[in-house]
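Student: Quick one: the structure is below, questions incoming.
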Amino acid sequence: MIREASREAYERACALMPGGVNSPVRAFRSVGVPPVFAARAKGDRVWDEDGNEFIDLIGSWGPMILGHSPEFLKEGALEAIDRGLSYGLPTKLEIEMAEQVTSAYPAAEMVRMVNSGTEATMSAIRVARGYTGRDKFIKFEGCYHGHSDCLLVKSGSGTLTYGVPTSPGVPADVVKHTLVCRYNDLASVRETFAANRGEVAAVIVEPVAGNMGVVPPVPGFLEGLREICTKEGAVLIFDEVITGFRLSYGGASERFGVRPDMVCFGKIIGAGMPVGAYGGRRELMEYVSPVGPVYQAGTLSGNPLAMFMGLKQLRYLEGHREVYQEVEESAAFLEAGIRAALGRLGLPYEVNRAGSLLSLFFTKGPIHSYDDVKNSDLDAFSRYYRALLERGVLAAPAQFEALFVSAAHSRTDLERVLAAMEEALRESMEGGK
């Protein structure tokens, strides 16, 4: 596969941007190849600057549940642009988006639009602290909630890939109120509350961890968090930046039947545009300025073009909820095929899946926590990844990320993916001898 245009683009980029990218995982450094520079995408395909065609399992890290550039999303887009790209004023589209989100997610009685998932989680924690009058909060090992200072403690995603659980540049005083527990371990949560009685403002959790690979909650974990937070007077925050409108129309809350006090969204509610949101119980959200004392603002929050595109996608998903069954069936087909290939090759690796998200871990299962995940064979994964890319399959270029299946993935394409995966797994075994 010729990738000279991507190599040349990467060399130019490295002189101008840190690592040649605007988000670390895009550098492909953990898999030892230059990044794929995308030129265009359609359906379940991405084409790079050399014209190479890939079946895409990244999907912009989740929002492309319907595939790239579905035709219905284009309708009216030029008219929306003609009406103006940004006003710095409120619009009816923001009201309609708020109505759409709050009707889909009962725990979000009120919502505030922001520009990213990082902004949403940072703001939700600030509201929880302001509401409770407490400073400390709990997060979980391997869960990533964006790159705000207080959250970069034993986080997942790129920080896990590059071995930086706590980033330089984050003062110790900033994270002194960040308490870290073990994901899927309620005992560690109870112990932490007991050691910090009356001081914990919130618990923030990915209801399905998606930034140390896909790690679903064990039965009773989310229910236990709900019970503990209620008892301790703490705010339970679901970070549904990945799972919101992806696991189901009502996100992880609907799927698992657990109602948080606050929720954070991103990615999918913008249909690929840069959008985030946080919401929650009315009494919590009324602590937000201008009606409350907790300040948060953003010039581009509720951007009219982002609202237009996001609304179209959410309304489509609301009217076509069969999409969720279709993408889950496709992901289950992929999971079963990977397991069968592992069996034929005699590999002890594990596959985790939640809805249309899945991960192949290069370690023996079961995988329930950060400790389980970090035993992965990163060299074997890197060999596998390079072989997969050569066969025209574009997956997440890091062991600790999810694969995303979309409604655009046909059974024929998934069969081609499985054949490529088995060949790549065999090649990764041979390269390790």
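Student: Residue by residue through segment 390-400, note down the ones that are in a loop (DSSP other than H, G, I, E, B) and either without any contact (Cβ under 8 Å) to a residue 40 or more places away in the chain or closer than 26 Å to residue 51 by Cβ (or both).
Tutor: Those that are in a loop (DSSP other than H, G, I, E, B) and either without any contact (Cβ under 8 Å) to a residue 40 or more places away in the chain or closer than 26 Å to residue 51 by Cβ (or both): 391, 392, 395, 396, 397, 398.
Student: Here is a follow-up. Give the residues of segment 115-140 that are open to solvent by less than 10 Å² (accessible area, probe 1.4 Å) and either of a type in the set (Asp, Glu) or outside any helix (DSSP H, G or I) (or both), sorted by residue number.
Tutor: Residues satisfying the conditions are 137, 138, 139, 140.
Student: Here's a follow-up. Quick one: how many residues across segment 371-389 are open to solvent by 20 Å² or more (accessible area, probe 1.4 Å) and assigned to a helix (DSSP H, G or I)?
Tutor: Selection size over segment 371-389: 6.
Student: Okay, next question. So, in segment 74-109, of the ones that are out of contact with any Pro (no Cβ under 8 Å at 6 or more places or on another chain), buried (at least 18 other Cβ atoms within 10 Å of the Cβ) and of a type in the set (A, V, I, L, M, F, W, C), which residue ends up farthest from residue 259 (Cα to Cα)?
Tutor: If we take residues in segment 74-109 being out of contact with any Pro (no Cβ under 8 Å at 6 or more places or on another chain), buried (at least 18 other Cβ atoms within 10 Å of the Cβ) and of a type in the set (A, V, I, L, M, F, W, C), then 97 is farthest from residue 259 (Cα to Cα).
Student: Separate question: Anything in segment 409-433 that is in contact with a Gly (Cβ under 9 Å, 6 or more places away or on another chain) and buried (at least 22 other Cβ atoms within 10 Å of the Cβ)? List them, or say none.
Tutor: Selection gives 409, 417, 421.
Student: On to the next question. Could you check how many residues of segment 332-348 are without any contact (Cβ under 8 Å) to a residue 40 or more places away in the chain and not basic (Lys, Arg)?
Tutor: Adding up the residues that qualify gives 7.
Student: Determine the pairs where a residue that is farther than 18 Å from residue 393 by Cα, located within segment 1-30, has a partner that is among the small types (Gly, Ala, Ser) and at pLDDT below 90 with Cβ atoms under 9 Å apart, the partner being 6 or more residues away or on another chain.
Tutor: Final answer for the pair search is 23/158; 24/157; 24/158.
The values are calculated or read from the model by the stated rules, or taken from the named source; none is laboratory data. Keep in mind that what you see is a predicted model, and the values were worked out from it rather than measured. For neighbour counting, all protein chains shown are included, and Cβ atoms are generated from backbone atoms with ideal geometry for every residue, glycine included. Note: areas computed on protein heavy atoms with side chains; ligands, DNA, RNA excluded. Shrake-Rupley method; radii C 1.70, N 1.55, O 1.52, S 1.80 Å.
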